[in-house]
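Worksheet for the structure shown next.
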Amino acid sequence: MYRVFEALDELVAIVEEARGIPPTRSCIVPRGDVLELLDDVRDALPGELDDAQDVLDHRDKIVSDARSAAETTVTSANEQAEQTIGSAREEADRILADAKAHADRMVAEASAHADHLVATAQEEADRVVADGNAEFEAVTGRARAESERMIEAGKASYERSVAEGRAEQERLVTQTEVVRAAHAESARIIDAAHAAADRMRDECDHYVDSTLAQFEETLNSTLRTVGRGRHQLRSGAGAPDYAAEFRR
């Protein structure tokens with residue numbers, strides 16, 4: 001094939017270098033050289049064409065083999081891709097099922113824990129309220145008993161003072177100055193008895209009021225603790241430490 005191209009190049013060179021025939025576009029070429037080159041082309045073409053045909057045939061076989069190999073590769077790749085996709089889908093389904101089961105288990109555990117915390121808080125609140133009511137009743141009872149005792153003592157002291165004043169008044173009734181003094185002393189004793197009774201009543205009222213104020217502060221602290229506990233339960237901040245509040 002190389003000789004064909006070489007001969008054609010020589011023919012082109014001869015034509016380009018040939019002397020022209022004015023005024024036409026014809027030219028004078030060496031006949032022997034041109035014929036010799038044409039013979040070389042004629043002799044070279046059959047063998048080169050056979051070689052070219054062999055190359056073409058070989059190329060078709062290569063292309064066919066490559067196409068078959070490509071189709072086989074594509075088919076194998078598709079099968080492998082389908083297997084991979086199937087495996088991945090199965091693995092994804094398994095992971096999703098495990099994640100859902102784990103999430104359900106965590107939600108169930110969280111709900112159970114929250115229910116337990118709420119129940120514990122409710123029980124603690126009920127216990128604190130019951131203790132507060134009991135303490136309130138006890139303090140109120142003690143205050144009532146103390147008030148009644150102090151009132152009775154005041155009444156007894158008042159009656160005793162009145163009796164003593166009357167006795168003293170009767171003893172000194174015959175003496176004007178003594179009687180006046182007895183009246184004054186009796187009035188003083190009666191006023192003192194009234195003042196003592198009023199003081200005892202005020203002290204009793206103050207004692208009851210201070211005791212009820214302490215109990216009110218205890219109830220308010222308990223309600224604040226329960227409110228914080230419920231807020232922590234709703235916000236998921238963990239179980240409230242009621243004991244820490246009562247240790248204060």
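Need the failing condition index for SER157 against (1) touching a Lys or Arg at 6+ places or on another chain (Cβ under 9 Å); (2) of a type in the set (S, T, N, Q); (3) modelled with pLDDT under 85, just the number.
Going through (1) touching a Lys or Arg at 6+ places or on another chain (Cβ under 9 Å); (2) of a type in the set (S, T, N, Q); (3) modelled with pLDDT under 85 one by one, SER157 breaks only (1).
Looking at the stretch 89-146, which of its residues are polar (S, T, N, Q) and more than 30 Å from ALA213 (Cα to Cα)?
SER111
Going through the stretch 146-167 one residue at a time, which ones are open to solvent by 60 Å² or more (accessible area, probe 1.4 Å) and within 14 Å of HIS194 (Cα to Cα)?
GLU152, LYS155, TYR158, GLU159, ARG160
Condition first: in contact with a helix residue (DSSP H, G or I) (Cβ under 9 Å, 6 or more places away or on another chain) and small (Gly, Ala, Ser). Now tell me which residues in the stretch 148-164 satisfy that.
ALA153, GLY154, SER157, SER161
Restricting attention to the stretch 160-193, which residues are among the β-branched types (Val, Ile, Thr) and either closer than 29 Å to TYR207 by Cβ or at pLDDT 85 or above (or both)?
Listed by number, the residues that qualify are VAL162, ILE189, ILE190.
Would it be correct to say that ARG171 is over 25 Å from ALA213 (Cβ atoms) and without any contact (Cβ under 8 Å) to a residue 24 or more places away in the chain?
yes
Residue by residue through the stretch 37-57, note down the ones that are open to solvent by 90 Å² or more (accessible area, probe 1.4 Å) and at pLDDT 75 or above.
Of everything in the stretch 37-57, those that are open to solvent by 90 Å² or more (accessible area, probe 1.4 Å) and at pLDDT 75 or above turn out to be ARG42, ASP43.
Which residue out of ALA112, ALA145 is within 60 Å of the chain's Cα centre (by Cα) and more than 30 Å from GLU217 (Cα to Cα)? Step through it out loud before you land on a result.
Values: ALA145 fails: more than 30 Å from GLU217 (Cα to Cα).
Sole residue among the options that is within 60 Å of the chain's Cα centre (by Cα) and more than 30 Å from GLU217 (Cα to Cα): ALA112.
Picking from ALA108, ALA119, ALA143, which residue would you name as being modelled with pLDDT under 80 and more than 18 Å from ALA192 (Cα to Cα)?
Numbers: ALA108 fails: modelled with pLDDT under 80; ALA119 fails: modelled with pLDDT under 80.
Answer to the check: ALA143.
Working only within the stretch 77-96, note down all residues that are open to solvent by less than 60 Å² (accessible area, probe 1.4 Å) and within 30 Å of the chain's Cα centre (by Cα). If you could, list the steps in order and put the result at the bottom.
Of all residues in the stretch 77-96, those open to solvent by less than 60 Å² (accessible area, probe 1.4 Å) come to 77, 81, 86, 88, 92.
The one that is open to solvent by less than 60 Å² (accessible area, probe 1.4 Å) and within 30 Å of the chain's Cα centre (by Cα): ALA92.
For the stretch 209-232, give me each residue that is aliphatic (A, V, I, L, M) and either free of Cβ contacts under 8 Å to residues at least 60 places away in the same chain or open to solvent by 40 Å² or more (accessible area, probe 1.4 Å) (or both). Explain how you work it out, then say what you get.
Of all residues in the stretch 209-232, those aliphatic (A, V, I, L, M) come to 212-213, 219, 223, 226.
Selection gives LEU212, ALA213, LEU219, LEU223.
Just give me the residues in the stretch 137-159 being within 10 Å of MET200 (Cβ to Cβ) and not charged (D, E, K, R), in sequence order.
SER147, MET150, ILE151, ALA153, GLY154, SER157
Going residue by residue through the stretch 168-175, is there one that turns out to be assigned to a helix (DSSP H, G or I) and either surrounded by fewer than 11 Cβ atoms within 10 Å (Cβ to Cβ) or touching a Gly at 6+ places or on another chain (Cβ under 8 Å) (or both)?
No: zero hits.
Answer yes or no as to whether GLU16 is out of contact with any strand residue (DSSP E or B) (no Cβ under 6 Å at 6 or more places or on another chain), exposed (fewer than 10 other Cβ atoms within 10 Å of the Cβ) and assigned to a helix (DSSP H, G or I).
Answer is yes for this residue.
The values are calculated or read from the model by the stated rules, or taken from the named source; none is laboratory data. None of the values given here were measured: they were computed from a predicted structure. As a convention, Cβ positions derive from the backbone with ideal geometry for all residues, glycine included, and neighbour counts pool all protein chains shown. Just the protein is used for accessible areas: all its heavy atoms, side chains included, with ligands, DNA and RNA removed. Shrake-Rupley method; radii C 1.70, N 1.55, O 1.52, S 1.80 Å.
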